[in-house]
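Engineer: Please read through the structure below; I'll follow up with questions.
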Amino acid sequence: MMFTTEDLQRMFAGIAEDIAAESDHLCALDGAIGDGDHGLAMDAGCQAAAKAVGELDPGIAPTTAFNVAAKAFLNAVGASSGPLYATAFMRAGAAAKDKQTLSDDDFLRVFAAMARGIQERGKAEPGEKTMVDAWRPAADAALDARQSGEPLPQCFEAAERAARAGCEATGNMTAAKGRASRLGDRVIGHIDPGAASAVIIIAAMAKFAQH
Ligand code: ADP
Ligand code: MG
Ligand code: MG
């Protein structure tokens, strides 16, 4: 199927709704190994992005929607997740450049570009107890599934599964990036809040890809 900015308006609204529902839980996770604001930061960023994208002419090019989301997210968030997701949405915009609608393959390219953007902006590798532990395996799983000829919904189901497994795995890791890196072994037994919010976003995108 083909995705338009009108579809992306629904997607950003869905992401914002799911993050809002988990905001307290994300703050609690961040309270254990960070400064406790992750749910508030993600909620503010996602609400701002959904609102800004929602106000666009639904006929405008998807690249513009992603760029508008990036700017809104960055302006709304003071925490480290701000520039990380702003970069993700900017890279999504670049991946969608010059297209009036996005095909399934375009949408997968957008998803992969988001993961790469987060990884490059944060200079984090998998295994460092960050949101990259959800995003990297999710993007890889989606692209692998596509290579095996799977349709888009199945690619995103694979991505969601990989993100959940990656997030779970952060529980056994020490942190090499971000605030939690100062706490040494004390973070073991706690999952990373950024990986947990990444699962929510990826799951919301997977839900969106079913339609
Ligand atoms: P802050 O720590 O500034 O309060 P948030 O609470 O919004 O920011 O986000 C914390 C999350 O950001 C962490 O759980 C981790 O997943 C992610 N994070 C921190 N630093 C990096 C980095 N360099 N690369 C990727 N993700 C990071
Ligand atoms: Mg925090
Ligand atoms: Mg903070």
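Engineer: Based only on other Cβ atoms within 10 Å, what is the fewest-to-most ordering of D43, D7?
Structural biologist: D7, D43
Engineer: Further question on the same structure: Size of the dipole of the chain about the Cα centre, Lys and Arg at +1 and Asp and Glu at -1 on the beta carbon, nothing else charged, in debye to 20?
Structural biologist: Result for the chain is approximately 540 debye, rounded to the nearest 20.
Engineer: Something else about it: I want to check the label-to-label distance for A32 and D57. Put each point 7 Å from Cα in the C-beta direction and report it in nm to one decimal.
Structural biologist: Taking the simple label geometry, A32 and D57 are separated by 4.8 nm.
Engineer: Determine the equivalent ellipsoid of the range 31-86 by diagonalising the alpha-carbon gyration tensor, then write out the semi-axes as square roots of 5 times the eigenvalues, largest first, rounded to whole Å.
Structural biologist: Ellipsoid half-lengths, sorted descending, are 25, 10, 7 Å.
Engineer: Have a look at A32, A112, A48 and tell me which one the Gaussian network model of the chain (Cα, springs below 10 Å) gives the largest fluctuation.
Structural biologist: Evaluated over the chain, the most mobile residue of the options is A32.
Engineer: Under the classification rounded if a/c is under 1.5, otherwise prolate if a/b is larger than b/c and oblate if not, where does the range 1-148 fall, given a ≥ b ≥ c as square roots of the Cα gyration tensor eigenvalues?
Structural biologist: oblate
Engineer: Connecting C-alpha atoms closer than 10 Å in a GNM of the chain, tell me which of L84, L40, L183 has the biggest fluctuation.
Structural biologist: L183
Engineer: Add +1 for every Lys or Arg and -1 for every Asp or Glu among the other residues with Cβ under 12 Å from the Cβ of G36, and state the total.
Structural biologist: My count for the surroundings of G36 gives -3.
Engineer: Related question: Quick check on the range 82-143: take the gyration tensor over C-alpha atoms, sort the square-rooted eigenvalues as a ≥ b ≥ c, and tell me if it's rounded (a/c under 1.5), prolate or oblate.
Structural biologist: Cα axes put the range 82-143 in the oblate bin.
Engineer: Students often get this wrong: which residues of the range 85-109 have the backbone nitrogen under 17 Å from the point 7 angstrom along Cα-to-C-beta of N75?
Structural biologist: Taking a point 7 Å out along Cα→Cβ of N75, the residues of the range 85-109 whose backbone N falls under 17 Å are 85-87, 89-90.
Engineer: Then there is this: Quick check: the angle from helix 62-76's long axis to the longest principal axis of the chain, C-alpha only, nearest 10 degrees?
Structural biologist: For helix 62-76, the angle is close to 30 degrees.
Engineer: Rounding to the nearest 10 and keeping the result within 0 to 90°, find how far the Cα-based axis of helix 132-147 lies from the longest principal axis of the chain.
Structural biologist: 40 degrees
Engineer: Next up: Given springs between every Cα pair under 10 Å in a Gaussian network model of the chain, which of G178, G34, G14 has the largest fluctuation?
Structural biologist: Checking each option, the largest mean-square fluctuation is seen for G178.
Engineer: Once both axes come from the Cα atoms, what is the angle between helix 38-54 and the longest principal axis of the chain, in degrees from 0 to 90, rounded to 10?
Structural biologist: Relative to the chain, helix 38-54 is tipped by roughly 10 degrees.
Engineer: Using θ = phi - 60° and the Karplus form 6.51 cos²θ - 1.76 cosθ + 1.60, what ³J(HN,Hα) does each residue of the range 167-181 get, whole Hz, x for Gly and Pro?
Structural biologist: Karplus values, whole Hz, x for Gly and Pro: 5, 3, 5, 5, x, 8, 9, 8, 9, 9, 10, x, 4, 5, 5.
Engineer: Now for a different question. What's the center-to-center distance, using Cα atoms, between the range 141-211 and the range 17-31 in Å?
Structural biologist: 16 Å
Engineer: Here is a follow-up. Quick one: order I200, I188 by neighbouring beta-carbon count within 10 Å, fewest to most.
Structural biologist: With the sparsest Cβ surroundings first, the list reads I188, I200.
Values in this text are rule-based calculations from the coordinates and carry no lab data. None of the values given here were measured: they were computed from a predicted structure. Every residue, glycine among them, receives a Cβ derived from its backbone with ideal geometry; neighbour counts consider all protein chains shown.
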